[in-house]
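These notes concern the structure reproduced below.
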Amino acid sequence: MARKVPAELAREIATTGMGRDITRPYTRDLEEPSDPRLLGAVDWGVYDRIKLDDQVRSTMAQRIAAVVSRDWDVLPGDDADPRSVQAADALKLVLEQASIDRVQEKMLWATFYGYQVAEIIWVPGPERIDFRFKVRHARRFRFTPEGDLRLLTTTAPRGEALPDRKFWVVRSGGTDDDEHYGRGLAEWLYWPVLFKRNGIRFWNKFLDKFAVPTALGRYRPGAPREEVERLLRALAAIANDTGIAIPDGAAVELLQAVNSGPAFEAMPRYMDEAIAKIVLSQTMTTEDGAGGRATGQIHAGVKLEVIKADADTQSDSFNESVARWWTDLNYGPDVASPRFVRIVEEEADLKHQVEVDEGLSRLGWTRNDDSFRDVYGDGFERMAQRSATAPAPANDARPGRTAAVSFGVADPAPLYVQRRLRNSDELVAWAMQQGFSALIPADQMHVTVLYSRRPVDWFALADDWTSGEPLIIPAGGPRRLARMGDGVALLFGSSRLAWRHDEMVRAGASHDFPEYLPHITLTYQGDDLDLDAIQPFTGALEFGPEQFEPLNLDWRDEIAEVSFAEGDGDIVDAVAARLVDQGLTAMSPMLIPLIQAIETSASAEELERNLLGAVDATRVEELAQLLARAGFGLRMAAEGGADS
């Protein structure tokens, strides 16, 4: 049941009819427009003449074409009601048959006149009632003070009453609902067009008068009448003849007018800019502005706002009248009427959007398929993706075995660049001492220089100065163990690697993360390691030259870590042999003084003194470390089953 409201709240009070508007005369049957140039006029041809101006025509064509060139759609008034959905589909077919773009191209002149009128011709059919439009000239219609539309005819100069639901009226402009005629742009275009027209007229007079210099003839005092007339004929012949003859003693001069042409030329240009501002609210889409790209984008944005406003005005007017009436005739008043919409959105800058998406990808976000199609459209297929179990950091990746390159010599292709670690056995020895249970195979340890999903020209990224040379990271410096993705990595500082990576990115390569962190991935089985309790490896890191390889998204499946707990004889033998060798080799200089002390001693007392002196002269702490290192290597060889 409908809710009730007091009658005084439901009815209009401040109407303009019956003399209730004190600002309007109560002497006429029809309401007069507020525009003083139209007040009491039967023919509004004054504004039709304004349309003849070239700048008015051009800017209005821009404004109208910008709306009708956009796609349109018909949406259900109620998505949950099947009848409303069916009505939307049917209305869309009707509008296609009625050539709605052509109709709206004419109805958009409401912005110029203030209002525009289209007659609806209802067409009964076997399945539904359709319609078509005939757009009439606005000056043929007037409004009553109550807002009812009237048609001016020779038999009804005060206006002929019109049936309901027969005419579609679009109003534009106006600051209140009391202005039934709207306020068209023509009202504001009147003076700029008039001034421009008069300025051009004065300019033509100036050119006619001063484009050719004025000839001045001088004759001597007392010259006879015939001689003066002969001189005048000679001056008149200057404009057309190549030569003239003048009496002896006479002189001819050419008077050049002061150049006022630029002032006349500036007047029409200034008025053209004023017209563009009135119609488009900006000037740089019609003139060669000097404000730069940023200013041009601002002006284009202003024009887009104007286009959106025009499209909304047309759609709202249609939906409130024609769409509602058509729904009532075909489906009944209880069905929500469909909504006609113009899709007026700023054209996406896809290059900028790609940069935004790449930034989001580095932060761990990606678009789903629906979102991708909404932004970039159809016609794309997703490339093969990395396994969901793969580690997140892009520079952890390793391409595995190098495959034959199948693309052309200069064809862009995804790229992976790495440097292999040459002294990996030292890193493995350190890792075993620190309690790592498994490691990536020593021959696969590397630092990633570039992991580019974006296709690039490989040869354009070559660097003759650095890429082919080995790279040595000196001992010490910033080192840290960190978890990256599901792996454990040794991070280290290298300005040379960082510079090389940035150089490739600037050349067009991509990178999946906000910053590049040089590191060596050690293991993907380090969940039980307490990284805070482990002293990072501080020795030198020796890397080989850069290796350019095709990007392998399945690299993770090709890594088989070496487990120390399983007693891999090869790795244990290699590490143990290096530890023993390094320990004994380094101890040799320290043992020589002790051997000499033993050989030169003649008695037990002398031997004790010589040994004590030799021990004081050696690096006791370093000796103890080397002995421990060699002993650790020997134990590894014994426990791991290596040949010793």
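The values are calculated or read from the model by the stated rules, or taken from the named source; none is laboratory data. Just so you know, these numbers come straight off a predicted model, no measurement behind them. All Cβ positions, glycine included, derive from the backbone under ideal geometry; neighbour counts span all protein chains shown.
The rows are residues; the columns are (1) at pLDDT 95 or above; (2) in contact with a Pro (Cβ under 7 Å, 6 or more places away or on another chain); (3) closer than 23 Å to R165 by Cβ; (4) among the hydroxyl-bearing types (S, T, Y).
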position	(1), (2), (3), (4)
R63	no, no, no, no
A66	no, no, no, no
R70	no, no, no, no
D78	no, no, yes, no
S99	no, no, yes, yes
A110	no, no, yes, no
Y115	no, no, yes, yes
G125	no, no, yes, no
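So which strands (runs of 3 or more DSSP E) are wholly in the range 445-544 and hold at least 1 residues that are under 30 Å from K351 (Cα atoms)? First the steps, then the outcome.
Numbers: elements: 446-456, 471-473, 479-484, 487-492, 519-523.
Strands (runs of 3 or more DSSP E) meeting the threshold: 446-456.
Which condition from (1) surrounded by fewer than 18 Cβ atoms within 10 Å (Cβ to Cβ); (2) in a loop (DSSP other than H, G, I, E, B); (3) hydroxyl-bearing (S, T, Y) is the one that Y190 breaks?
So the condition that Y190 fails would be (2).
Somewhere in the range 410-422, is a residue within 26 Å of D554 (Cα to Cα) and acidic (D, E)?
Yes, because at least one residue in the range 410-422 is within 26 Å of D554 (Cα to Cα) and acidic (D, E).
Output the qualifying pairs, or none if there are none: Cβ atoms under 9 angstrom, residues six or more apart or on different chains, first residue in the range 115-133 and of a type in the set (K, R), second residue in a strand (DSSP E or B) and surrounded by 14 or more Cβ atoms within 10 Å (Cβ to Cβ).
So the pair list comes out as R132/I120.
Quick grid of which residues meet (1) part of a loop (DSSP other than H, G, I, E, B); (2) in contact with a strand residue (DSSP E or B) (Cβ under 8 Å, 6 or more places away or on another chain); (3) farther than 24 Å from H446 by Cβ; (4) at pLDDT below 50:
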{"position": "V375", "(1), (2), (3), (4)": "no, no, yes, no"}
{"position": "D378", "(1), (2), (3), (4)": "yes, no, yes, no"}
{"position": "E381", "(1), (2), (3), (4)": "yes, no, yes, no"}
{"position": "A384", "(1), (2), (3), (4)": "yes, no, no, no"}
{"position": "A392", "(1), (2), (3), (4)": "yes, yes, no, yes"}
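Please tell me if E160 is out of contact with any Ser or Thr (no Cβ under 9 Å at 6 or more places or on another chain) and either at pLDDT 85 or above or among the hydroxyl-bearing types (S, T, Y) (or both). Write out each step before concluding.
On the way: out of contact with any Ser or Thr (no Cβ under 9 Å at 6 or more places or on another chain): no; either at pLDDT 85 or above or among the hydroxyl-bearing types (S, T, Y) (or both): yes.
So E160 does not fit the description; no.
Need pairs with beta-carbon distance below 6 Å; first residue closer than 16 Å to D528 by Cα and within the range 481-501, second among the β-branched types (V, I, T) and outside any strand (DSSP E or B); sequence gap 6+ or separate chains.
Within 6 Å, the pairs are L481/I534.
Report, by residue number, each residue of the range 96-111 that is more than 15 Å from R70 (Cα to Cα) and in contact (Cβ under 8 Å) with a residue 40 or more places away in the chain.
Initial filter on the range 96-111 (more than 15 Å from R70 (Cα to Cα)): 97-98, 106-107, 109-111.
Result: M107, W109, A110, T111.
Given the condition more than 40 Å from the chain's Cα centre (by Cα) and either at pLDDT 95 or above or within 23 Å of D130 (Cα to Cα) (or both), answer yes or no: does some residue in the range 335-343 qualify?
Residues of the range 335-343 that are more than 40 Å from the chain's Cα centre (by Cα), as a first pass: 335.
Adding the requirement that they be either at pLDDT 95 or above or within 23 Å of D130 (Cα to Cα) (or both) leaves 335.
Taking every residue of the range 335-343 in turn, at least one turns out to be more than 40 Å from the chain's Cα centre (by Cα) and either at pLDDT 95 or above or within 23 Å of D130 (Cα to Cα) (or both).
If I ask for residues that are among the acidic types (D, E) and within 29 Å of D357 (Cβ to Cβ), which ones from the range 439-462 would you list?
At the first step, the residues of the range 439-462 found to be among the acidic types (D, E) are 443, 457.
Correct list: D457 only.
Mind checking which residues of the range 506-553 are surrounded by fewer than 16 Cβ atoms within 10 Å (Cβ to Cβ) and over 23 Å from R483 (Cβ atoms)?
Of everything in the range 506-553, those that are surrounded by fewer than 16 Cβ atoms within 10 Å (Cβ to Cβ) and over 23 Å from R483 (Cβ atoms) turn out to be R506, A507, G508, A540, G544, P545, Q547.
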